[in-house]
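Inspection log for the structure reproduced underneath, given as structure tokens.
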Amino acid sequence: SGAGSASAGPRVVAIANQKGGVGKTTTAINLGTALAAVGERVLVLDLDSQGNASTGLGIDPESRFKTSFDILTGAATILDTVLKTAVPNLFVVPANSDLVGIDSALAGDPQTRPFKLRDAVTALVGQQRNRPADTHFNYVLIDCPPSLNVLTLNAMTAAHAVLVPVQCEFFALEGISQLKDSIEQIRASLNPRLEIQGVVLTMHDSRTALSKEVATNVRAFFGPKVYETVIPRNTRVAEAPSHGKPLLLYDYDCAGSQAYIRLATEIIEREKRFKAA
Ligand code: ADP
Ligand code: MG
């Protein structure tokens with residue numbers, strides 16, 4: 001298994017959409033869990049000051065000794081901050097409200113500002129080389145904040161690809177061309193390898209014409225980048241974080257869990273096809 005070979009390092013995926021409430025954090029947690037369940041070693045890197053990914057993975061605020069803020073300011077390496085979760089093979093770099101102050105913390109050095117996370121990932125790849133292969137991360141999933149700010153900029157500069165969750169509601173495509181433009185700008189300037197990993201439709205309600213229409217429009221806009229797998233609107237998905245558990249541990253059999261397992265499978269299959277091509 002493994003998206004990245006030992007020498008190439010992990011596949012780094014920024015989960016981004018500047019709209020809030022579209023399912024970024026839910027996807028980071030549950031896609032991470034599903035990838036871990038099929039044997040990938042996954043690191044969820046929380047880059048949102050709300051720390052919802054950390055909370056949803058069961059990390060109390062008091063246990064967030066070192067956070068993604070410390071990585072960005074150079075006070076800690078990624079490995080310094082990594083915590084275990086209840087899921088084997090799934091790890092997290094926590095975040096907290098320190099990130100609210102990231103702009104002023106990085107104000108002194110505009111030249112290197114966008115590269116803080118990329119440099120930390122490069123250092124991680126170097127550290128991994130000296131460790132047994134079974135401790136290497138295959139995936140780093142970055143949970144971005146709902147904004148195209150310096151944090152998302154760092155995520156996209158560090159990433160191989162952007163995974164875009166799109167909520168199946170009326171304004172789904174609003175802001176999406178801005179997101180696409182940002183990805184293209186970053187590819188042209190800061191990170192030439194950046195691609196769109198895929199687009200995942202979230203909170204889909206098969207009973208409504210609106211969900212169907214949004215799905216059709218998003219598929220027309222992004223073409224084959226949109227995953228076949230659609231994440232249904234499912235109350236179990238929304239309940240799980242309040243128990244500090246990923247959905248797959250909270251209710252493995254629910255429609256949401258099964259959808260995230262299918263999504264993980266689809267992502268792995270696509271990468272295999274891409275590598276074979
Ligand atoms: P974002 O990180 O983009 O702001 P979240 O992942 O936090 O979005 O999701 C926003 C809200 O919607 C949360 O309360 C979450 O529990 C809920 N939610 C996400 N996905 C689903 C789903 N498939 N079914 C039901 N509720 C969902
Ligand atoms: Mg979020």
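Just checking, how many residues over the stretch 75-108 are under 26 Å from GLY9 (Cα atoms) and polar (S, T, N, Q)?
Number of matching residues: 4.
Taking into account only those residues within the stretch 20-50 that are under 20 Å from ARG118 (Cα atoms) and out of contact with any strand residue (DSSP E or B) (no Cβ under 7 Å at 6 or more places or on another chain), which is surrounded by the fewest Cβ atoms within 10 Å (Cβ to Cβ)?
By that ranking, first place goes to SER49.
Right, ARG219: of a type in the set (Lys, Arg) and surrounded by fewer than 18 Cβ atoms within 10 Å (Cβ to Cβ) or not?
yes
Taking PHE69, is it in a helix (DSSP H, G or I) and either within 19 Å of LEU124 (Cβ to Cβ) or at pLDDT below 95 (or both)?
In short, yes.
List the pairs whose first member sits in the stretch 50-69 and is away from ligand 2 (no atom under 16 Å from the Cβ), whose second member is part of a helix (DSSP H, G or I), and whose Cβ atoms are under 6 Å apart, counting only residues at least 6 apart or on separate chains?
Here the result reads LYS66/ASP80; LYS66/THR81; PHE69/ASP98; PHE69/LEU99, each pair linking the stretch 50-69 to a residue that is part of a helix (DSSP H, G or I).
Any chance you could count how many residues in the stretch 222-241 are near ligand 1 (Cβ under 9 Å from one of its atoms) and either under 13 Å from GLY198 (Cβ atoms) or surrounded by fewer than 18 Cβ atoms within 10 Å (Cβ to Cβ) (or both)?
Count: 5.
So LYS180 ticks every box in (1) outside any loop (DSSP other than H, G, I, E, B); (2) of a type outside the set (Gly, Ala, Ser); (3) crowded, with 19+ Cβ neighbours inside 10 Å but one. Which box is left unticked?
(3)
The values are calculated or read from the model by the stated rules, or taken from the named source; none is laboratory data. All values derive from a computational prediction rather than experimental measurement. Heads up, the Cβs are rebuilt from the backbone with ideal geometry, glycines too, and the neighbour counts pull from every protein chain shown.
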